[in-house]
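Participant: My structure is below; once you've seen it, I'll send some questions.
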């Protein structure tokens, strides 16, 4: 982008956002500091870390896991992570014979409250379309090759219902603390495009 | 429609690690935060919002947008402008006037200084 003078320039899109925000501030509907706090919360604080702690708790505490699978929203709330979106959540458990993948083929509904903001590819049309039609092919592109006998289940989110995948607990993690376990839970493992990190496999 | 869509491998900026950018530009995060704030204040429900956003995305696709994720927040912004207009929160006329004011302010501001409305 070039400027023909030494003055400032805002793109049309930036002008639209600025205009909307300043009108809302003038009307007393929006507090700029509150907007910054939201951006900060979703960009840095929530991230996928809340979700990772939920998964780590489920791996370590069978009673919590049972609660989580029966009533995900209440179980997640019980850890202090409330969903501001007011939607129901369902946790899908991966097992040696079933692998779950989540997608929103219509737009990109995503459990922000526990996973932070969605990655760009999740919002892309190719992912949305192909995850439904060819989930094994998509998983392969993410580097996840599933044995033919593993059933792949694709879950299409709606505005009222969001999904989180409960990945399998990696082998060799007996005796790990919840904190250590949470480190193994990647964002993608809760979307279903990869498994939780294997602590014995080194970095990859 | 799906026949012409690139595969995930052909997406130039596909983040495969934990640190993939979630907002490509600050305005995307601002638009997101404005929407969440208005929703939290009860101006619209989340399903209502999701429906409007989906309609914008569907319309963009019908208009030829390959929809690779990079235009996502443009659709988001359009949906946001639409919902505040339909709820009589901010009218299109107000937006036109305010945009012109910001544009003038930007041009009157030496490069590198914060742009403020006077």
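The values are calculated or read from the model by the stated rules, or taken from the named source; none is laboratory data. Just so we're clear, the structure is a prediction, and the values are computed from it rather than from any experiment. In this analysis, Cβ positions are derived from the backbone assuming ideal geometry, glycine residues included, and neighbour counts consider all displayed protein chains.
Participant: Taking the condition of being over 15 Å from the mean Cα position of the chain (by Cα), within 20 Å of residue A:39 (Cα to Cα) and within 7 Å of another protein chain (Cβ to nearest Cβ), how many residues in the stretch B:42-67 meet it?
Facilitator: Adding up the residues that qualify gives 1.
Participant: Condition first: out of contact with any helix residue (DSSP H, G or I) (no Cβ under 8 Å at 6 or more places or on another chain) and more than 9 Å from chain A (Cβ to nearest Cβ). Now tell me which residues in the stretch B:86-99 satisfy that.
Facilitator: B:86, B:87, B:88, B:93
Participant: Return yes or no: is residue B:83 modelled with pLDDT of 90 or more, at the interface with chain A (Cβ under 7 Å from one of its Cβ atoms) and either assigned to a helix (DSSP H, G or I) or under 17 Å from residue A:123 (Cβ atoms) (or both)?
Facilitator: For residue B:83, the condition - modelled with pLDDT of 90 or more, at the interface with chain A (Cβ under 7 Å from one of its Cβ atoms) and either assigned to a helix (DSSP H, G or I) or under 17 Å from residue A:123 (Cβ atoms) (or both) - is not met.
Participant: From A:114, A:138, A:152, grab the single residue that is in contact with a helix residue (DSSP H, G or I) (Cβ under 9 Å, 6 or more places away or on another chain), under 14 Å from residue A:191 (Cβ atoms), modelled with pLDDT under 90 and assigned by TED's automatic domain parsing to the domain that holds residue A:54.
Facilitator: After ruling out the rest, the residue left standing is A:114.
Yes or no, residue by residue, for (1) surrounded by 20 or more Cβ atoms within 10 Å (Cβ to Cβ); (2) in a helix (DSSP H, G or I); (3) modelled with pLDDT of 85 or more; (4) at the interface with another protein chain (Cβ under 9 Å from one of its Cβ atoms):
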site	(1), (2), (3), (4)
A:3	no, no, no, yes
A:17	yes, yes, yes, yes
A:42	yes, yes, no, yes
A:52	yes, yes, yes, no
A:56	yes, yes, yes, no
A:59	yes, yes, yes, no
A:66	no, yes, yes, no
A:75	yes, yes, yes, no
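Participant: In this structure, is residue B:70 more than 7 Å from every other protein chain (Cβ to nearest Cβ), assigned to a loop (DSSP other than H, G, I, E, B) and surrounded by fewer than 18 Cβ atoms within 10 Å (Cβ to Cβ)?
Facilitator: So residue B:70 passes the test.
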